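Written below as structure tokens is the structure these notes are about.
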Amino acid sequence: MSIRVLHSGLLTTIQDIGRYGSQKFGVIVSGAMDSYSLRLANLLVGNKENEATLEITLFGTTLQFDEDTLISITGGDFLPTIDGKKVLSWRPILIKKNSVLKFNSAIKGSRAYVAFAGGIDIPEIMESKSTYLRANIGGFKGRALQKGDIFSVGEVSEIGEKLIEQLKNSDATWSVDFNNLIRFEQNQYIRVLKGTEFNRFDQESQNIFFEKPYTLTVQSDRMGYRLDGPTLSLAENFELLSEGVTFGTVQIPSNGQPIILMADRQTTGGYPKIAQVITADLPSLAQIQPTGTIRFKEVTLAEAENEIFKNEQQIKNIKNAIHYKIVSN
């Protein structure tokens, strides 16, 4: 079965969990900005959690289906419709042959995810289907989807087949609860650890970083979030060699305005690192729209670890609940 793109939207790319193991060659990880929404979308259609999905940014694409297809929609609320009728997210959905799925502008969050039972049938590059836009690697011809593109869906799993049979009779009346995993508010506290150069900023800047809000600017993308707010200064200038950075590293360039490195980050960076966003808060950070505000809250390493352990347990519980819901019917 195949899907045709009728409208591309602002930026719709194919993403999975990411391209790990190649940073030593200068190849970035990429992958979903909101990994929790991607993983739950896949679980809802019987896929492996790391299967590729569509990532839709701010306003959406329009897709037409040439066969009955099991999908799910997670992430931000883009007011999706099927043949003009509103469709609910965070649950499995059986789309009929020749139907049109349309996403509008996001009213909550900034990224939506669409998973297809069987996954997206494209080759893996360096063990990942994720799109690396700047290098034209992976995904659909290494680029964002465009009007007229056609992509195929892979073989549906046994769980997916059972879901399809159930949904032929009626729509799903259940959904997954994401509220303890992802936040979609425009004004958020984002938890961080102190960065390796935190103590090299002057005392006033250290205080400001945790006390004052920063605005997410429109000059933000999958590579980095540029923030606007109080200027931060070093206690004294120093030369810093480039070193490894990761998703959520908060760097302070010479203009004193923070940049948070995101999914398409470079592999190394030479700006002072004032903080590191904890892994558990990266999906919520990814869902803030431009003009939203961020306040940083310091946590300990033990607290950060506890949050990720708690979230992973919740995802495991959701996975088990979905499996039980399907096999028990």
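Observations on the structure shown:
- Spacing of the two label points (7 Å from each Cα toward its C-beta) at Glu165 and Asn136, in nm: 4.7 nm
- Point-to-point label distance, Asp221-Met126, nm (Cα→Cβ direction, 7 Å offset): 1.8 nm
- Rg/Rh for the stretch 1-102, where both radii come from Cα atoms and Rh is the Kirkwood radius: 0.99
- Neighbour-count ranking [beta-carbon atoms within 10 angstrom, fewest first] of Leu240, Leu193, Leu301: Leu301, Leu240, Leu193
- Placing a label point 7 Å from the Cα of Lys85 along the Cα-to-Cβ direction, the residues of the stretch 141-168 whose backbone N falls under 17 Å of that point are 167-168.
- Applying the Karplus relation 6.51 cos²θ - 1.76 cosθ + 1.60 with θ = phi - 60° to the stretch 4-21 yields 3J(HN,Hα) values of 9, 8, 8, 8, 7, x, 5, 7, 10, 10, 8, 9, 10, 5, x, 9, 8, x Hz, where x marks Gly and Pro.
- Loop-located chymotrypsin sites (Phe, Trp or Tyr not before Pro) in the stretch 224-305 whose Cβ has at most 11 other Cβ within 10 Å (DSSP): Phe238
- Dipole moment magnitude, nearest 20 debye, the stretch 2-171 about Cα centre, only Lys, Arg, Asp, Glu C-beta charged: 580 debye
- Inter-probe distance in nm under a simple model that places probes 7 Å from Cα toward Cβ, at Glu239 and Asn104: 5.7 nm
- Ranking of Tyr214, Tyr324 by neighbouring Cβ atoms within 10 Å, starting from the fewest: Tyr324, Tyr214.
- For the chain, calculated [θ]222 nm from helices alone, where every DSSP H run of n ≥ 4 adds -39500 (n - 2.57): -5500 deg cm²/dmol
- Basic side chains Lys and Arg get +1 at the Cβ, acidic Asp and Glu get -1 at the Cβ, and with that the dipole of the stretch 187-298 about its Cα centre reaches some 320 debye.
- Extent along principal axes [Cα atoms of the stretch 187-298; Å; largest to smallest]: 35, 30, 24
- J(HN,Hα) series, the stretch 90-100, from Karplus relation 6.51 cos²θ - 1.76 cosθ + 1.60, nearest Hz, glycine and proline x: 6, 7, x, 9, 9, 8, 7, 3, 6, 6, 10
- Rounded to the nearest 20, the size of the Cβ-charge dipole of the chain about its Cα centre is 600 debye, with Lys and Arg at +1 and Asp and Glu at -1.
- Residue order, fewest to most surrounding Cβ atoms within 10 angstrom, among Tyr271, Tyr189: Tyr189, Tyr271
- Charge context of Asp171, other residues only, Cβ under 15 angstrom, K/R +1, D/E -1: +3
- Of Thr69, Thr291, Thr13, the residue with the greatest mean-square motion in the GNM of the chain, using alpha carbon springs below 10 Å, is Thr291.
- Which of Ile17, Tyr324, Ile107, positive extreme of dipole for the chain (C-beta unit charges): Ile107
- Ratio Rg/Rh [Cα only; Rh per Kirkwood] for the stretch 2-171: 0.95
- Amide H to amide H, with H built 1.01 Å from N, His7 comes under 5 Å of Thr62, counting only residues 5 or more places away or on other chains.
- Using the Cβ of Gly26 as centre and a radius below 15 Å, the other residues enclosed give a net charge of +2, where K and R count +1 and D and E count -1.
- Span-like helix ranges in the chain, DSSP H, alpha carbon extent 24 angstrom or more, Kyte mean at least 0.0: none
- In summary, the convex hull built on the alpha carbon positions of the chain has an orientation-averaged projected area of 16.1 nm².
Just so you know, all these numbers are worked out from the coordinates, no wet-lab data involved. In this text the structure is predicted, and so the values were computed from the model without any measurement. In this analysis, Cβ positions are derived from the backbone assuming ideal geometry, glycine residues included, and neighbour counts consider all displayed protein chains.
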